[in-house]
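The structure appears below as structure tokens.
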Amino acid sequence: QAKHQGRNHYLVFRPSFDQGDYKRLLLKSQFEQALADRQFYLEYQPRVDLESGGIIGLEALIRWKHPTEGIVAPGEFITLAEEIGFIIPLGEWVIREVCSQMKHWQEQGIPAVRTSINVSAKQFNKASFVDKVQDILNEIGIGPSLLEFEITESALMGHAKPIIDDLKVFKDMGIFLSIDDFGTGYSSLQYLKLFDVDALKIDRAFIKDLPRDKLLAKMIISLARKLRLQVIAEGVETSAQHAWLLNSGCHEAQGFLYSKALPASDIEYLLKA
Ligand code: C2E
Ligand code: MG
Ligand code: MG
Ligand code: MG
């Protein structure tokens, strides 16, 4: 007993223990309770047409209003949620929440725009994922063409089989599909033939240094256009980036230049305008 305690003691106070480890443990134990207590919420970032500047879509981004930690960003808990399987109920909650929000806007007579949802590779490992999505759409009464699923390049590479099958079904249902963070994975271009997606989202890393460093952004835009895919620039912050992207044939953009992610009530205001 004493030995056991001693070991725990050592573990807790080992030199590598830091605030980050403690936070991870804390967050992990509180996921279930947090979902039940409605501590998760969504913000929506506008997606704009580069040519007209108009809002043509939204991306749903999750946040956690933690009772003691404050607002926790998804970068701090999504990986952990994936590791412990919590991404399944959490991911379902996100899809349901987005559909409810769009239904609400429709009922208010607010013009609906397509909204993208970040879907984790782990969600595809569950055999019932497709049925679940179909059930949610039926139950809430939302058309699949209002939904877009964003899947990261690395997710596509690592878990090919169940993902290929499910993506085909989603595509046939009429859900728009895009590859998120494009250009950051260790990909061969081969998988673009395997996955019949509609759009590529250029990772922020390739937008950051535009127009000075333009080689990769240029290549991705040209690739997307040759494959007849929609191409979206992520993380646009300056008007110089905007001008370059517009000139280079990019279709769509997202970034702080236009708007950060906002609560649904603020988005409602923008959509009405
Ligand atoms: P992502 O899908 O690539 O989302 C873009 C991220 O860039 C968002 O961060 C957004 O707030 C941020 N961003 C947008 N414009 C700019 C800009 O101009 N400059 C900069 N510096 N950043 C910008 P966020 O909301 O913290 O999300 C981070 C990541 O967490 C997302 O990256 C996505 O991979 C993941 N995530 C967010 N919500 C969900 C979700 O519901 N489910 C899953 N599985 N993952 C999610
Ligand atoms: Mg995304
Ligand atoms: Mg992205
Ligand atoms: Mg990203």
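Derivation of every value follows stated rules applied to the coordinates shown; laboratory data play no part. Computed from a predicted structure; not experimentally measured.
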Report summary line: Using alpha carbon positions and the Kirkwood radius, the Rg to Rh ratio of region 144-234 is 0.97
Report summary line: Quick numbers on region 34-121, Rg and Dmax over C-alpha atoms in Å, give 14.5, 43
Report summary line: Asserting the computed 222 nm helical MRE of the chain (DSSP H runs at least 4 long, -39500 (n - 2.57) per run, divided by residue count, to nearest 500) equals -14000 deg cm²/dmol
Query raised in the report: So how tilted is helix 215-226 from the main axis of the chain? Cα-based, degrees 0 to 90, rounded to 10.
Result: 60
Report task. Write down the Kirkwood hydrodynamic radius of the chain, to one decimal in angstroms, obtained as one divided by the mean of 1/r over all alpha carbon pairs. Result -> 20.2
Query raised in the report: Under the Kirkwood approximation for Rh and a Cα-based Rg, what ratio Rg/Rh is obtained for region 84-211?
Result: 0.99
Query - Debye log10 I(q)/I(0) at q = 0.12, 0.14, 0.15 Å⁻¹ for region 73-134, Cα point scatterers - result: -0.36, -0.48, -0.54
Query raised in the report: With axes computed from alpha carbons, what is the tilt in degrees of helix 2-13 against the longest principal axis of the chain, rounded to the nearest 10 within 0 to 90?
Result: 30
Report task. Kindly express, to the nearest 10 degrees and within the range 0 to 90, the angle between helix 19-36's C-alpha long axis and the longest C-alpha principal axis of the chain. Result -> 70
Query - Additional length obtainable on full extension of the chain from S154 to S128, 0.36 nm per residue less Cα span - result: 7.1 nm
Query raised in the report: Which of the pairs K126/K171; K193/K218; K208/K260; K171/K226; K168/K260 have their Cα atoms more than 25 Å apart in this structure?
Result: K168/K260
Requested in this report: Determine the alpha carbon to alpha carbon distance for each of K65/K103; K122/K201; K132/K272 and list only those over 22 Å.
Outcome: K65/K103; K132/K272
